[in-house]
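Right, one structure below, let's go through it.
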Amino acid sequence: MTAFLEVQNLTIGFKAPEPIIENVSFSLEKGETLAIVGESGSGKTLSCRAILGILPKAAQIRSGKINVTLEGKCISLLDISEPKFRNIRGDCISMIFQEPMRSLSPLHKVGHQVAEVLELHRNCSKHQIKQDVLAQFVRVGFPDPERAYAAYPFEMSGGMLQRAMIAMAMIAKPDLLIADEPTTALDVTTQAQVLGLIKDLQTETGMAVILVTHDLGVVANMADQVVVMNKGRVMERGDAKLVLSSPAHPYTKKLFDAAPIIPEATEFVCPPPHDDLILDMQNISKTFQARSASPMKSAILIKAVCDVDLKLARGKTLAVVGESGSGKSTCARIALGAELPDKGGTVMFCAGTGETPIEVHSLSRANRSRFQKQAQMVFQDPFSSLSPRMQIIDTLTEPLDIHGVGTKSERKDRALEVLELVGLDGSMLRRYPHAFSGGQRQRLSIARALTLDPKLLVCDEPTSALDVSVQDQILDLLEEIRDHHGLSYLFISHDLAVVSRIADEVAVMRRGRIVEQAPPCTLFANPKHPYTRALIAAQPDPDINRPIDLNMVALGAGASDSWADAFRFDGNNIPPLMELEPGHMVRCHG
Amino acid sequence: MMILRYALYRLMTMLLTLLLVSALIFFIINLPPGNYLTNQIMELQATGQDAGVAKAEFLQHEYSLDRPLIEQYLIWIGAWPGPYGFSGMLQGDFGWSFEFDQPVIDIVGQALWLTILVNLAAVLFVYLVALPLGVLAAARSQTWVDYTSSFIGYLGLATPNFLLALILFYYGQRYFDLPIGGLMAPELEGEPMSMAKVKSILLHLIIPTFVIGTSGAAAMMQRLRANMLDELDKPYVETAMAKGLSPTRMLMKYPLRMALNPFVADIGNLLPSMISGSVLVSVVLGLQTIGPALLTALKSQDQFLAGFILLFVALLTLIGTMVSDVLLMLLDPRIRYGGRK
């Protein structure tokens, strides 16, 4: 009796003689979920594409076997002809990709793109196909399937698009679903819902699932079998329970140690006193104008941020948490003076203890330049925030150059100094960014922010584009720099586990408003607001005994109508932020 | 409905632009000191032919060239009464050519249609050649198909048009018995339209179309190839493959649709560059398009003729961009619903 899917000794290489993946073997039964875990570059995606036969042109399969049992017949996928393979693709084996936004054609209606699968593989009428697609849309949780059918991808949110992708992959009722990091680009709450959906559909149809991920929390929630890959080789494989509870291979252990988790309740810590503030944002609101459909109609106003107060104590870290679209990045931009708040909002910045605070949005040219020296930003994506055409030394000395600091050789010395500060080698100064890995690039962009010796660092999701083990190192580095150099951080993130580690105080934002604010230990031990609870519940935990509580997620992350009375937003009647215990503020009616 | 409203809106802006362009054209033509008539008067006085001077002065008054420039402009476009009341562009009176001593409309009348015909044929040629070749070159990138089509493309770009014209004339005549020069057989000129005339025109069109179109087609092909190559790396292509689409259908349905945008947007630029580019070709090939007339008019400051032709080219450009804008809107929902939230 052979397994449903059997991958044996698969070796794939590109032009170079060394293979990219070597001797990868795993097998999978129907109804099971196999998780392939590994960091970027571990070859997990390549293995999956080999199963579907959509490898890049340059890739060569050097050896190995991929056998799949379809309708009782064992088929060797590496030997069948391309037209026969095409009949299998999308019908018997289908795939979900990482970025739903880019994985759907922007010019075709979502419904048509999903329907295409049936048009290719089934002989039924157009009408029947449309009915099937609509039914599938209901199944994946579209509130208005007709509308979703006629919508274009750019009219939908990432979470909705990923649902459409799942619908597309599931519509032909495949025997095997390959999900390649299906939730990496999504918010935690959306991630929880999407994972729950895949699981439900699996129990319904009995298909096998291969889940590619770098997140052990996701593995713990989904997998029956685990394959841990590193640098193209399988490090460890086996039953999920066994691997997760007692990892045998040192690499698996390393992954576990790096995985950020929300700590168990610890002792109560007082919030940092608000008497020496480096940054004080008061009454911040921001309204954007969206262009309306015709030049005749008036513009649509969108409130991105509403009445936000944030106080950052000197030497501390204030984290702002929320899903995409919650207004957290807008807050960061306003804090740096890159965006003007609506009338009535003020941002005060105080460079040193006892100095007179300055108002960030009404500075003279000279003062503005001085402020910009003291407040710097670290960006989310280290791949696009460094100029690919500038050597590292130029990137690092540019800020000094702009502010006219020092002579040429002094600038170079400073560049060397910050490079070593972030743990990179001075000999790398003459390289270009493409020569660095993701983690190294994020170090570089931190180094760039540090060259001017700022007092305040605004970090906009500095770790979300990185692998877990690298993420861990970057957080270490940020903590170390903060404590040694007396920096203060305004830390923007959607990841509660990351925040729980670095922050002294956390503000949870939803739809432009702060709904709860407390020191991390208080917040995680005693979350009050349903949305905060949803965020915490949605955080995947690498412990197989603590699955995600989907009901809690759905309750808190949904519309505010589903919240308990005390928290409900009722038209214009928004509950105020109440201080329930010292330093713990919740938006609720008293 | 939305498209219609947009088209209407574009038409309005187009008319406004045309007005602006007409002013620019008129004032730029008049930038050099003097005009055709004052030049003529000076020349006549220098040679002592006073009889001619009186005639020229009469013409100067007749065509209001002795009035302030702004008034001249307004009379030209027909927004100000001239010596014979309102009679300008708006009323369909395109003015008098001093150089040819004929009304402008008589000089350019037939040439206008032939110009449009030649250039439309060339544009069609560009698209018909560039589309399949560009897609093919991208789909088979870095194979002999790609290299060959690129080589031919660069050859087309690099060969001067008039040289190509001469070569094609020679070989076309020698091996295919294609006619040389002109846009129709000489005996048919001035005749009313007939089957024979249409056939003759089509036969005469082959070489000019090829000559005017090659470089445009080569450039367009390279652009399409580059766009396609960009699109082929996008994740949605992978999604389509994963559905089980065959490569050809996938190529046609997804990346080509995306790569088509710049292709369509080029319609607007193509028309004027071809018309101005074909002036030299028209002279070499002896085509009765407006190209040669424009050349003469500009050289001799024949302002009404030059102004009319330039305005006509501007109009073609505007129509081209409008057509491409509306087409883009039809093609791309992101543009169509760009403002919708």
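Mind listing just one residue for me: the one in region B:220-263 that is at the interface with another protein chain (Cβ under 7 Å from one of its Cβ atoms) and not in a helix (DSSP H, G or I) and, of those, farthest from B:Ser324 (Cα to Cα)? If you could, list the steps in order and put the result at the bottom.
Step one: filter region B:220-263 for residues at the interface with another protein chain (Cβ under 7 Å from one of its Cβ atoms), giving B:234-236, B:238-239, B:241-246, B:254, B:257-258.
Subsequent filtering for residues that are not in a helix (DSSP H, G or I) retains B:234, B:244-246, B:254.
Working: B:Lys234: 25, B:Gly244: 34, B:Leu245: 30, B:Ser246: 31, B:Tyr254: 20 Å.
That would be B:Gly244.
Check B:Leu20, B:Leu11, B:Leu37, B:Leu4 and return the single one that is at pLDDT 80 or above, over 24 Å from the mean Cα position of the chain (by Cα), under 30 Å from B:Leu328 (Cα atoms) and of a type in the set (A, V, I, L, M). Reasoning before the result, please.
Values: B:Leu20 fails: over 24 Å from the mean Cα position of the chain (by Cα); B:Leu11 fails: over 24 Å from the mean Cα position of the chain (by Cα); B:Leu37 fails: under 30 Å from B:Leu328 (Cα atoms).
Within the list B:Leu20, B:Leu11, B:Leu37, B:Leu4, the selection yields B:Leu4.
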Helices (runs of 4 or more DSSP H) contained entirely in region B:1-108, each with at least 3 residues that are away from chain A (no Cβ under 14 Å) and polar (S, T, N, Q): B:36-47
Does any residue of region B:187-201 turn out to be among the small types (Gly, Ala, Ser), surrounded by fewer than 16 Cβ atoms within 10 Å (Cβ to Cβ), assigned to a helix (DSSP H, G or I) and away from chain A (no Cβ under 14 Å)? yes
Of the residues in region A:311-370, those that are out of contact with any strand residue (DSSP E or B) (no Cβ under 7 Å at 6 or more places or on another chain) and hydrophobic (A, V, I, L, M, F, W, C) come to A:Ala338, A:Leu340, A:Ala351, A:Leu363, A:Ala366
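Within region A:374-391, track down each residue that is in contact with a helix residue (DSSP H, G or I) (Cβ under 8 Å, 6 or more places away or on another chain) and within 21 Å of A:Ile278 (Cα to Cα).
If we filter region A:374-391 for residues that are in contact with a helix residue (DSSP H, G or I) (Cβ under 8 Å, 6 or more places away or on another chain), which is where we start, we get A:375-379, A:382-383, A:385-388, A:390-391.
Result: A:Ala375, A:Gln376, A:Met377, A:Val378, A:Phe379.
Here is a yes/no grid of residues against (1) under 29 Å from A:Gly556 (Cβ atoms); (2) without any contact (Cβ under 8 Å) to a residue 60 or more places away in the chain; (3) not in a helix (DSSP H, G or I):
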| site | (1), (2), (3) |
| --- | --- |
| A:Asp307 | yes, no, yes |
| A:Ser326 | yes, no, yes |
| A:Glu339 | yes, yes, yes |
| A:Asp342 | yes, yes, yes |
| A:Met348 | no, no, yes |
| A:Glu355 | no, yes, yes |
| A:Ser362 | no, yes, yes |
| A:Arg370 | no, yes, no |
| A:Pro382 | no, no, yes |
How about region A:4-122: which strands (runs of 3 or more DSSP E) wholly inside it have at least 2 residues that are among the β-branched types (Val, Ile, Thr), away from chain B (no Cβ under 13 Å) and surrounded by 19 or more Cβ atoms within 10 Å (Cβ to Cβ)? A:5-13, A:21-28, A:33-37, A:60-70
Checking the conditions here, which among B:Ser273, B:Ser324 is in contact with a Gly (Cβ under 6 Å, 6 or more places away or on another chain) and either over 30 Å from A:Asp180 (Cβ atoms) or among the aromatic types (Phe, Trp, Tyr) (or both)? B:Ser324
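For region B:291-339, which positions are in a helix (DSSP H, G or I), within 14 Å of another protein chain (Cβ to nearest Cβ) and either in contact with a Lys or Arg (Cβ under 6 Å, 6 or more places away or on another chain) or small (Gly, Ala, Ser) (or both)? Spell out the reasoning first.
At the first step, the residues of region B:291-339 found to be in a helix (DSSP H, G or I) are B:291-299, B:303-331, B:333-336.
Next, only the ones that are within 14 Å of another protein chain (Cβ to nearest Cβ) stay: B:327-331, B:333-336.
If the condition is that a residue be in a helix (DSSP H, G or I), within 14 Å of another protein chain (Cβ to nearest Cβ) and either in contact with a Lys or Arg (Cβ under 6 Å, 6 or more places away or on another chain) or small (Gly, Ala, Ser) (or both), then B:Met329 is the only one that fits.
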Where A:Asp132 falls short, out of the listed (1) over 25 Å from A:Leu55 (Cβ atoms); (2) of a type in the set (D, E, K, R); (3) assigned by TED's automatic domain parsing to the domain that holds A:His214: (3)
Could you tell me which numbered condition A:Lys130 fails, if it satisfies all but one of (1) closer than 14 Å to B:Tyr236 by Cα; (2) more than 11 Å from chain B (Cβ to nearest Cβ)? (1)
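May I ask you to say which residue of A:Leu416, A:Leu424, A:Leu478, A:Leu490 is at pLDDT below 90 and either surrounded by fewer than 19 Cβ atoms within 10 Å (Cβ to Cβ) or aliphatic (A, V, I, L, M) (or both)? First the steps, then the outcome.
Details: A:Leu416 fails: at pLDDT below 90; A:Leu478 fails: at pLDDT below 90; A:Leu490 fails: at pLDDT below 90.
None of the other options fit; the residue is A:Leu424.
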Contact list, first residue from region B:83-106 and within 14 Å of B:Gln72 (Cβ to Cβ) and among the aliphatic types (A, V, I, L, M), second anywhere and at pLDDT below 80 and surrounded by 11 or more Cβ atoms within 10 Å (Cβ to Cβ), beta-carbon distance below 9 Å, six or more apart or interchain, is none
Of all residues in region B:146-166, count the ones that are in contact (Cβ under 8 Å) with a residue 24 or more places away in the chain and outside any helix (DSSP H, G or I). 1
Cβ-Cβ below 6 Å, separation at least six or inter-chain, first residue in region A:135-161 and within 14 Å of chain B (Cβ to nearest Cβ), second basic (Lys, Arg) and assigned to a helix (DSSP H, G or I): which pairs? A:Phe154/B:Arg334
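The values are calculated or read from the model by the stated rules, or taken from the named source; none is laboratory data. These numbers come from a predicted model, not from an experiment. Note that we place each Cβ from the backbone using ideal geometry, even for glycine, and neighbour counts take in every protein chain shown.
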